[in-house]
Structures are given as structure tokens and as C-alpha cells.
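**Q** Starting off with a structure, shown below.
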Amino acid sequence: MSMELAYALITPYSLHKSRTGGIIGRLLAHPSLELAGARMYVFSDEFVDTYQKLICPEAMDKKIQDAWHAYIDEFLRRDNPWGVLPRCMLLLLQGENAVRCLKEEVIGSFTEQPVGDTVRGTYGDFIRDSEGQIHYFEPAVITCPDPALNDRHLRLLADHALTDGGILEGQCRHDAPNVECSLVMLKPDNFYQPSRRPGNIIETFSRTGLRIVAVKLFNMTVAKGQEFYGPLKEIFVSKLKFLVAGRVMECLENAFSFEFTQADADVLADHLAERNANCEFNRIVEYMTGIDPESIDEADKAAASNAKCLAMLYEGPDAIARVREVLGSTDPSKAEPGTVRSDFGRDLMRNGAHASDSPENAIREREIVGLSRNETDTCDITELINAYLNDR
């Protein structure tokens with residue numbers, strides 16, 4: 001067996017119909033596949049022209065080949081029948097024999113029978129008559145079925161990652177005012193083992209009616225974690241002081257032969273509040289990065305990480321408020337039923353996902369996680385694919 005890098009390209013129609021979460025859930029639940037990268041694309045005519053020539057193995061049925069060529073030519077171009085931005089989401093997955101595994105065990109082949117055991121069986125459509133003429137064709141997800149062709153597909157995606165991919169902010173059409181971008185971040189415990197959980201959370205966010213215009217898989221380093229959650233440190237000093245006072249009172253109320261009062265506990269809480277805030281802050285950074293920030297040198301914090309997160313930008317009218325409503329209360333036990341944190345959260349820290357609480361914080365947070373439109377001559381997808389192909 002060999003370690004391979006495979007790809008799944010979620011089609012514009014699947015994204016437009018908000019089937020993204022269900023598809024991602026299927027892709028990430030397979031025990032042999034690990035998510036390695038993600039990026040949004042709107043393909044140029046140059047890409048489409050080349051991709052058409054590469055997409056089909058020579059042995060494929062001629063009528064299905066023709067259907068593929070027509071589909072890519074018609075629906076992956078900016079000039080398409082729907083008149084909408086043809087967004088595609090690229091997911092890179094790695095594992096042993098990943099190309100075959102992804103195609104045969106997860107995405108599946110086209111079938112005229114109504115089955116739902118694969119991604120295409122559930123989300124794709126394939127209709128042809130008794131004479132073999134294909135009348136409707138929607139693959140839901142595009143991948144390379146042939147390991148021999150896979151490297152050429154990956155090379156093409158890498159070559160166009162900067163010109164055709166990245167942040168699609170401001171390119172979708174919206175019919176209402178106050179269009180905003182909200183950052184949503186799926187937290188590390190969604191990725192500790194293969195599961196549908198990340199897809200289910202994205203499926204819940206589809207209730208906002210917003211458009212995903214950027215996606216990035218990244219490792220939250222200790223330095224980024226400290227910067228991202230930095231504003232919480234001062235908040236913790238005042239907001240958590242009552243918990244310190246309560247703990248002090250619990251421990252010392254009967255510890256002396258004289259009366260220990262709440263006023264005494266409050267005095268000690270004032271003295272301990274900052275240390276408690278630092279402790280709680282470090283716990284959050286450790287959870288988000290997999291590393292105790294007190295355990296490493298300052299110089300190592302910029303690269304140190306044992307955890308990954310998935311960041312997305314959701315765009316649309318009143319995006320900040322709509323995302324926060326679906327996200328739910330910070331405390332999962334108090335979140336409204338059906339919200340992300342009610343369904344997927346466990347406690348105040350392990351609560352499924354983060355979302356920006358203001359346009360100003362969205363800008364600050366995007367800068368930290370790398371979704372601020374500041375790419376220059378390379379990007380993570382290009383680097384990942386190049387490293388894989390250079391090692392082969």
C-alpha cells in the first residue's frame with residue numbers, strides 16, 4: 001500500500017443547494033482518510049479547457065465521457081446557465097491508496113438505482129433512457145478515478161490555486177443590504193478522529209442561508225492562539241472573579257476558629273483574579289493548539305502546534321448576527337436546542353465552533369487565521385501538492 005493525496009471537488013450546484021455539510025460529513029467519516037487541505041475555487045476558462053481533457057480515463061464509457069465534458073464546460077465556467085458564481089470547494093485527503101478509497105468507497109460511481117450508500121448515490125443525479133442517452137447528469141463531487149491520472153489533476157489544481165482560488169468575498173450576488181463576512185472556525189476536537197461531526201456542524205450553519213466564500217484548514221500555533229484569544233484575558237480577570245471568590249469561600253469558610261466572611265473571600269479573589277485569568281487563558285490556548293503555552297520557549301511558539309482547525313468565511317446580509325444565532329450560547333447547557341453548541345458542544349471551552357461577534361473582530365480574526373486576502377506568490381494548497389508530488 002502507498003500513501004496518496006487525493007482530492008474531492010464539491011460542485012457549484014452542491015454548494016448552491018447547501019449540500020456541502022452532508023457531503024463533507026461523508027468524506028471525513030472514512031477511517032482511512034485524513035483531511036489535509038481545503039480551498040475555494042472559481043475556475044478560469046484556461047483551467048476548464050485543460051481539465052476537460054484530463055478528467056476521464058480512456059477506458060471510460062464514451063457517453064459518460066461526453067457527459068463529463070459537457071458538464072465541466074457548462075457548469076464550471078463563470079458564464080453558466082444559472083447566472084451564479086460557480087464556487088467549488090476543494091478538499092485534499094490523504095491516506096493509503098487514497099485515490100481508490102475515496103472514489104470507490106466514499107464518492108462512488110453513477111447509478112440509475114435510487115441508492116444512498118455513497119456521496120453520488122445520495123447527492124448526485126444520473127438519468128438516462130433505455131437507449132443509453134443521458135438526460136440529466138449532476139456528479140455532486142468530482143474526483144480522479146485513476147491513480148495514474150491523479151498527479152496531473154493535482155498539478156493543475158496547484159498551478160491555478162492562486163489565480164483561480166482563495167477568498168471569493170464580494171463576488172456572490174446578494175439581494176439584500178448590509179452584506180457582511182463572518183469567520184466561523186471548527187475547533188480541534190472535531191478532527192481528533194474520523195467522523196461526520198465537522199460536516200454536521202457545517203450542515204447546521206446552512207440554516208443561515210449564507211454563502212461560503214473561503215475555507216482553510218490550518219494548525220493553530222501557540223502564538224496564533226494567544227493572539228486570537230488575547231482579548232479574553234482581561235475579560236477573565238473581572239468576569240471570573242466571582243468563581244474565585246466562591247472557591248475561596250468553599251475552601252476557607254470553616255478553616256479557622258474565627259468567622260471567615262464573604263468580604264474576606266472577595267479580598268482574596270481580588271488578589272487571585274489575574275492569576276486565575278492567566279490559568280484559564282492558558283487552558284484555552286492549550287485546547288486550541290494541543291500544547292501548554294507554559295511548557296515551551298517564547299521563540300518556539302510561532303511554529304508549535306498539535307491541533308488543526310477549519311476556518312470558513314460566510315458571506316451575506318447580516319452574516320454576523322445570523323451565524324451567532326445558529327451557533328448558540330457559549331455555554332452548551334444554555335444554548336437553544338438545534339444550535340451548533342447545543343448539539344455538538346460539551347462545555348464552555350469544547351463548544352464545537354467559534355464565530356466572530358462583530359465585523360471588527362471578524363477582520364482581526366481573519367488576519368490571524370490566514371483568510372485576509374494577503375497571499376502573495378504561494379498558498380498552503382500549492383505547497384502541500386508540490387511537496388507531495390516532489391516526494392514521488
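**Q** Let's see if you can work this out: charge +1 on each Lys and Arg Cβ, -1 on each Asp and Glu Cβ, no other charges. What is the dipole magnitude of the chain about its Cα centre, in debye to the nearest 20?
**A** 600 debye
**Q** Find how many whole Å separate the alpha carbon centroid of segment 252-327 from the alpha carbon centroid of segment 22-98.
**A** One Cα centre to the other: 41 Å.
**Q** Which of these, 277, 255, 265, has the largest mean-square fluctuation under a Gaussian network model of the chain (Cα springs below 10 Å)?
**A** So, out of 277, 255, 265, the one fluctuating most is 255.
**Q** I would also like to ask the following. What's the exposure ranking of 366, 283, 392, 77, going from fewest to most Cβ atoms within 10 Å?
**A** Sorted ascending by nearby Cβ count, the order is 392, 283, 77, 366.
**Q** Sticking with this one: Using the Cα centre as the reference, give the magnitude of the dipole from point charges on the C-beta atoms of segment 225-300 (Lys, Arg: +1; Asp, Glu: -1; all else neutral), rounded to the nearest 20 debye.
**A** With only Lys, Arg, Asp and Glu charged at Cβ, the dipole is about 280 debye.
**Q** Another question about this same structure. Mind checking which of 59, 304, 29 has the largest fluctuation in a GNM of the chain, springs on alpha carbons under 10 Å?
**A** Highest fluctuation among the options: 59.
**Q** Okay, next question. Return the whole-Å distance between the Cα centroid of segment 198-217 and the Cα centroid of segment 102-128.
**A** Segment 198-217 and segment 102-128 have Cα centres spaced 23 Å from each other.
**Q** Karplus couplings for segment 339-356 from phi (6.51 cos²θ - 1.76 cosθ + 1.60, θ = phi - 60°), rounded to Hz, Gly and Pro as x?
**A** Result, rounded to whole Hz: 7, 4, 6, 5, 7, 10, x, 10, 7, 4, 9, 8, 10, x, 7, 10, 9, 4.
**Q** Mind checking which lysines have their Cα closer than 24 Å to the Cα of residue 239? Skip sequence neighbours fewer than 8 apart in that chain.
**A** Excluding near neighbours in sequence, the set is 187, 224, 334.
**Q** Counting other C-beta atoms within 10 Å, which of 47, 137 has the fewest, and how do the rest follow?
**A** In increasing order of surrounding Cβ atoms, one gets 137, 47.
**Q** Relative contact order for the chain using alpha-carbon pairs under 8 Å, separation at least 6, rounded to a whole percent?
**A** 22 percent
**Q** Give the long-range amide H neighbours of residue 36: residues separated by 5 or more places, or on another chain, with amide H under 5 Å away, using H modelled in the peptide plane at 1.01 Å from N.
**A** 92, 93, 94
**Q** Hey, what do the phi angles of segment 122-137 turn into as Karplus ³J(HN,Hα) couplings, whole Hz, using 6.51/-1.76/1.60 and θ = phi - 60°, x for Gly and Pro?
**A** So the J values, rounded to whole Hz, are 8, 10, x, 9, 8, 10, 9, 8, 5, 8, x, 6, 8, 9, 8, 8.
**Q** Once you have a ≥ b ≥ c as the square roots of the Cα gyration tensor eigenvalues for segment 1-144, tell me rounded if a/c is under 1.5, and otherwise prolate or oblate according to whether a/b is larger than b/c.
**A** rounded
**Q** 5 Å is the cut-off here: which amide hydrogens, built 1.01 Å from N in the peptide plane, fall below it relative to residue 335, excluding neighbours closer than 5 in sequence?
**A** Hits under the 5 Å cutoff: 329.
**Q** Could you work out which residue, out of 93, 348, 28, moves most in a Gaussian network model of the chain, that is, has the largest mean-square fluctuation with Cα springs under 10 Å?
**A** Comparing 93, 348, 28 in the GNM, the peak value goes to 348.
**Q** Check residue 351: other-chain or 5+ apart residues with amide H under 5 Å from its amide H, H built from backbone geometry?
**A** Counting only residues 5 or more places away or on other chains, the set is 346.
**Q** According to the square roots a ≥ b ≥ c of the eigenvalues of the Cα gyration tensor, what is the shape class of segment 268-324, taking rounded for a/c under 1.5, prolate for a/b larger than b/c otherwise, and oblate for the remainder?
**A** Oblate is the answer for segment 268-324, as a/c is 1.5 or above yet b/c matches or exceeds a/b.
Every number here is computed from the coordinates shown, using simple stated rules; none is lab data. All figures in this text were calculated on a predicted structure; none of them were measured in a lab. Cβ sites come from the backbone with ideal geometry, for glycine too, and all protein chains shown count toward neighbours.
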